[in-house]
1. So which residues in the stretch 96-112 are in contact (Cβ under 8 Å) with a residue 60 or more places away in the chain and either within 22 Å of GLU272 (Cβ to Cβ) or crowded, with 23+ Cβ neighbours inside 10 Å (or both)?
2. Return the residues of the stretch 245-289 that are farther than 21 Å from LEU308 by Cβ, in contact with a Lys or Arg (Cβ under 6 Å, 6 or more places away or on another chain) and not in a strand (DSSP E or B); say none if nothing qualifies.
3. Which number in (1) within 22 Å of ASP286 (Cβ to Cβ); (2) surrounded by fewer than 17 Cβ atoms within 10 Å (Cβ to Cβ); (3) in contact with a Cys (Cβ under 9 Å, 6 or more places away or on another chain) marks the one condition that TRP209 misses?
4. Restricting attention to the stretch 326-342, which residues are under 20 Å from the mean Cα position of the chain (by Cα) and not in a loop (DSSP other than H, G, I, E, B)?
5. Sort out which residues of the stretch 127-185 are among the polar types (S, T, N, Q) and more than 19 Å from GLY271 (Cβ to Cβ), and write them in order of number.
6. Only strands (runs of 3 or more DSSP E) wholly contained in the stretch 86-172 count here; list those with 1 or more residues that are among the β-branched types (Val, Ile, Thr).
7. Filter the stretch 261-278 for residues that are free of Cβ contacts under 8 Å to residues at least 60 places away in the same chain and in contact with a helix residue (DSSP H, G or I) (Cβ under 6 Å, 6 or more places away or on another chain) and give the result.
8. Restricting attention to the stretch 276-294, which residues are surrounded by 14 or more Cβ atoms within 10 Å (Cβ to Cβ) and of a type in the set (D, E, K, R)?
Amino acid sequence: MTAPDSPWFTPHRHADRRPLLLARNRIVQALRNWFEAEGFIEVDCGALVVSPGNETHLHAFATQLIGPDGAGTTRYLHTSPEFACKKLLAAGEERIFSLAHVFRNRERTLTHAPEFTMLEWYRARAPYRQIIADTLALLRLACATTGRQTIEWRGRAAEPQADAQWLTVAEAFQEFAGVDLLATLDGNRPDRAALAAQSPVAFGAGESWSDIFSRILVERVEPHLGTGRITVLYDYPACEAALARVSPDDPRVAERFELYACGVELANGFGELTDPVEQRRRFEADMALKQKLYGERYPLDEDFLAALALMPEASGVALGLDRVIMLATGATRIDQILWTPPA
């Protein structure tokens, strides 16, 4: 086998990777067939956007759009097709999916690449749990396509066809970290002191409730998720809702879920927020924090906020397709299943 640090286009290295790449193509075709059978339309969203997204810790690639007069305007490579897809829902589309190349800076690990494929899909007027069921079905389909009964990653294993484990975030924090998370929420307002008093992990004096929450999640909770079987982690605290709507059953939590296998996060989905006033408030708060932490902020996509007022109730999810393919093929790092890995 060719040394892994040789260029990907070295014939012997490509020969090593080619079975995985052909398996990738079979998985993609199987997923497309599933969507067609479910009545979805594939949409192709442009990658050059006014705003790449407004999450605090998300980092985009910027460029200049030069007009005929030579004047330049800042544009970004999208980090997700989410804004475009929701505009299409506002326009009247009902079931759509996108296989999009997306771009995120500051991301390069065994499971991250600066350019990767995001599979996103949306169902208008569908309940939150329907999109979770879709996500489980597609992960199982990917594994069935390669014939893999057990998926493995860094010493952890899971059986994708087994019944999934469903855990609320509060249940997971209680079970794996001994933290009563809901007791740290006053309505949907986080109480930093209450979480700090319970935290089993170290944190700095300047770290917020959200920072401490993330540390506990990464250090104490995530290593246990998706072991033995797939885990659906759902009902995130409302203050961590991102673009999700608050649960009608409990205002302390939001209709947001993530899917885990072997400790690896594979998908992030929402019962979608359609209130443009609330979404603007969240974006502005996140951009203020981004300015404080990183000295930069991204503009808001005003067309997206306008489209929310027209958008029907919907549920949607973003799935890291390359990670799913990596697990379904038995690859050990993401660049093994990318046809042309980034330099």
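1. Within the stretch 96-112, PHE97, LEU99 qualify.
2. Matches in the stretch 245-289: CYS262, GLY263.
3. Unmet condition: (2).
4. MET326, LEU327, ALA328, ILE334, ASP335, ILE337
5. From the stretch 127-185, those among the polar types (S, T, N, Q) are 130, 135, 145-146, 149-150, 161, 165, 168, 174, 184; that's our starting set.
If the condition is that a residue be among the polar types (S, T, N, Q) and more than 19 Å from GLY271 (Cβ to Cβ), then THR145, THR146, GLN149, THR150, GLN161, GLN165, GLN174, THR184 are the ones that fit.
6. Numbers: elements: 95-103, 115-124, 151-153, 156-158, 165-168.
By residue number, 95-103, 115-124, 151-153, 165-168.
7. Of everything in the stretch 261-278, those that are free of Cβ contacts under 8 Å to residues at least 60 places away in the same chain and in contact with a helix residue (DSSP H, G or I) (Cβ under 6 Å, 6 or more places away or on another chain) turn out to be LEU273, THR274, PRO276.
8. Just the residues of the stretch 276-294 that are surrounded by 14 or more Cβ atoms within 10 Å (Cβ to Cβ), to begin with: 276, 278-280, 282-283, 286-287, 289-290.
Of everything in the stretch 276-294, those that are surrounded by 14 or more Cβ atoms within 10 Å (Cβ to Cβ) and of a type in the set (D, E, K, R) turn out to be GLU278, ARG280, ARG282, ASP286, LYS290.
The values are calculated or read from the model by the stated rules, or taken from the named source; none is laboratory data. From a predicted model like this one, the values you see are computed outputs, not experimental measurements. Reconstructed Cβ throughout: ideal geometry from the backbone, glycine too, with neighbour counts over all protein chains shown.
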